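What follows is a single structure, written as structure tokens, with notes after it.
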Amino acid sequence: MAEVIDVVRYLLRTYPHEQELSNARVTKMIYLADWHQALNWQRQITGIEWYFDNYGPFVWDVLDAAKAHPEFVKVIPTTNFYGGTKTLFATTGENDPITVSSEEKSSLDHIIEVTESLYWNDFIRLVYSTRPVAKSPRYSVLDLIEQAQEQTSESRQSGG
């Protein structure tokens, strides 16, 4: 299992559109990567306990990890298109090693490939279309492993 800061750093180094790397987008990309990992390897990349709040899967773990490691991640407060607050991330440790396994990199790379061309609304639609969000009530903890097992079981039963 990777440390949250290593996953954040991997995304910051690898994602091609650095101006899009807000706390919200990075957090949801990590959620999607955890979901992908759960579907394919029955475990998450991170140890994050995902919570479904008003804005989809959300936790403070990602921002907290970034703030705790200023030697690796620069946290930049800014404003969004509508004048609201927004937090961007930028990498500061370009050559420092990152500890993520090849399976974890595979999930992260898959999520980057799937999301890099998506504008925000399409990106959010993708997040909300995942089974843990679609099948869980708001204000609940999302059990990605259980949801992945159920999706796999249903897929086998339906022949898909």
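Numerical summary
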| item | result |
| --- | --- |
| Cα-based helix-to-principal-axis angle, 4-14 vs the chain, degrees rounded to 10 | 70 |
| Principal-axis tilt of helix 144-157 within the chain, Cα atoms, nearest 10 degrees | 40 |
| Interchain or long-range residues, amide H under 5 Å from Leu142's placed H | Trp50, Tyr51, Phe52 |
| Candidate lysines - alpha carbon under 29 Å from Lys74, same-chain residues fewer than 8 apart omitted | Lys28, Lys86, Lys105 |
| Cα centre as origin, Lys/Arg/Asp/Glu Cβ charges: segment 4-140 dipole, Debye | 460 |
| Distant-in-sequence amide H partners of Lys86 (H built 1.01 Å from N, under 5 Å) | Thr78, Thr79, Asn80 |
| Total formal charge among the other residues, if their Cβ is under 11 angstrom from that of Ser136, Lys/Arg +1 and Asp/Glu -1 | +1 |
| Highest-MSF residue in the chain out of Gln19, Gln42, Gln149 [GNM, Cα springs under 10 Å] | Gln19 |
| Dipole of segment 4-140 [Lys/Arg +1, Asp/Glu -1 at C-beta], most positive-end residue of Trp41, Thr115, Asn80 | Asn80 |
| Of Leu11, Leu63, Val133, farthest towards positive along the dipole that unit charges on Lys, Arg, Asp, Glu beta carbons give the chain | Val133 |
| 0 to 90° range, to nearest 10: angle between helix 23-41 axis and the chain longest Cα axis | 40 |
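Any read-out appearing in this document is the output of simple, stated calculations on the displayed coordinates, not a laboratory observation. Just so you know, these numbers come straight off a predicted model, no measurement behind them. Heads up, the Cβs are rebuilt from the backbone with ideal geometry, glycines too, and the neighbour counts pull from every protein chain shown.
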